[in-house]
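Engineer: Dropping a structure here in structure tokens format, bear with me for questions.
What follows draws every value from the coordinates through simple rules; no lab data is involved. Computed from a predicted model, the values in this text were never measured in an experiment. Ideal geometry is used to build each Cβ from the backbone, glycine not excepted, and the neighbour counts take in all protein chains shown.
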Amino acid sequence: MPIFCPDIGDSRLYRNHRLWHIDCPLWLTYGWGKAHRIARREQPKDLRSRVDFTFGETPWPAMRRILELVEPTPETRMLELGSGTGRFALFASKIFGLQAEGVDMIPTFIDRSNNIAQKQGLCCHFELNDLFNVPWHDASFVYVVATTFSGQSVRDLSAKSAELQPGARIVVVSHRLDGAWLERETCEVLNFSWGPSGVFFHRKL
Ligand SMILES: C[S@@+](CC[C@H](N)C(=O)[O-])C[C@H]1O[C@@H](n2cnc3c(N)ncnc32)[C@H](O)[C@@H]1O
């Protein structure tokens with residue numbers, strides 16, 4: 001997947017919320033492709049298919065469109081499964097003042113995201129854990145980029161979505177989830193750091 005590259009898309013929204021306060025420290029840590037090298041070096045060696053840990057990013061225009069469709073409020077509780085550098089959860093928390101949690105298994109990503117959240121005074125926390133081992137039931141908006149996930153991991157995502165609270169939204173990049181407890185809302189193709197991908201919106205019944 002291509003290198004980390006901040007893009008600012010709608011510059012007014014970006015400026016108004018001073019999102020560069022998040023992008024600058026991210027760039028200093030992860031610029032010049034460092035995020036990919038860190039992810040490769042620190043990925044778990046003994047767990048699921050290594051391909052699950054391939055790093056890639058949700059760019060700002062795709063984030064904006066997803067947030068537009070999800071319509072978060074300050075009461076929304078976001079859970080980003082596989083939060084990477086934390087940029088999406090940090091941005092959402094800064095724009096909407098919402099509570100966000102990120103989970104990833106790359107220690108540097110978690111340490112740095114927590115550090116930025118703390119410095120920015122955001123209601124945002126990142127946990128070093130397997131996304132299948134954390135509870136999802138408190139979240140009202142779950143986001144996961146599952147593009148490189150194995151078939152088994154996608155089936156596990158579908159099964160675990162049963163624990164979401166009624167009305168919670170789960171947005172999955174590249175795969176539609178299956179489950180009688182899920183309403184399939186919509187799907188859009190958006191551009192990511194690796195190219196266009198389908199984004200599937202579901203609601204827990
Ligand atoms: C494609 S990146 C997406 C990063 C970020 N969510 C974004 O959209 O910019 C996928 C991330 O999921 C993480 N990941 C993959 N499998 C995971 C698992 N089982 N538990 C926690 N994190 C996982 C990887 O380490 C990687 O950082």
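Engineer: Out of Arg112, Arg169, which single residue is surrounded by 13 or more Cβ atoms within 10 Å (Cβ to Cβ) and away from the ligand (no atom under 13 Å from the Cβ)? Spell out the reasoning first.
Structural biologist: On the way: Arg112 fails: away from the ligand (no atom under 13 Å from the Cβ).
It is Arg169.
Engineer: Determine which single condition Ser161 fails, assuming it passes every other condition in (1) surrounded by 14 or more Cβ atoms within 10 Å (Cβ to Cβ); (2) among the small types (Gly, Ala, Ser); (3) part of a loop (DSSP other than H, G, I, E, B).
Structural biologist: (3)
Engineer: From the list Asp111, Asp156, pick out the single residue that is charged (D, E, K, R), free of Cβ contacts under 8 Å to residues at least 40 places away in the same chain and within 18 Å of Tyr30 (Cα to Cα).
Structural biologist: Asp111
Engineer: Would you point out which residue out of Leu122, Leu131, Leu190 is within 15 Å of the ligand (Cβ to nearest atom), surrounded by 14 or more Cβ atoms within 10 Å (Cβ to Cβ) and under 20 Å from Arg64 (Cβ atoms)?
Structural biologist: Leu190
Engineer: Next up: Please go through segment 150-191 and give me each residue that is touching a Ser or Thr at 6+ places or on another chain (Cβ under 6 Å) and within 14 Å of Gly82 (Cβ to Cβ), ordered by number.
Structural biologist: Ser150, Ile170, Val173, Ser174 - these are the residues of segment 150-191 that are touching a Ser or Thr at 6+ places or on another chain (Cβ under 6 Å) and within 14 Å of Gly82 (Cβ to Cβ).
Engineer: So, in segment 134-158, how many residues would count as being within 11 Å of the ligand (Cβ to nearest atom), assigned to a loop (DSSP other than H, G, I, E, B) and surrounded by 15 or more Cβ atoms within 10 Å (Cβ to Cβ)?
Structural biologist: 5
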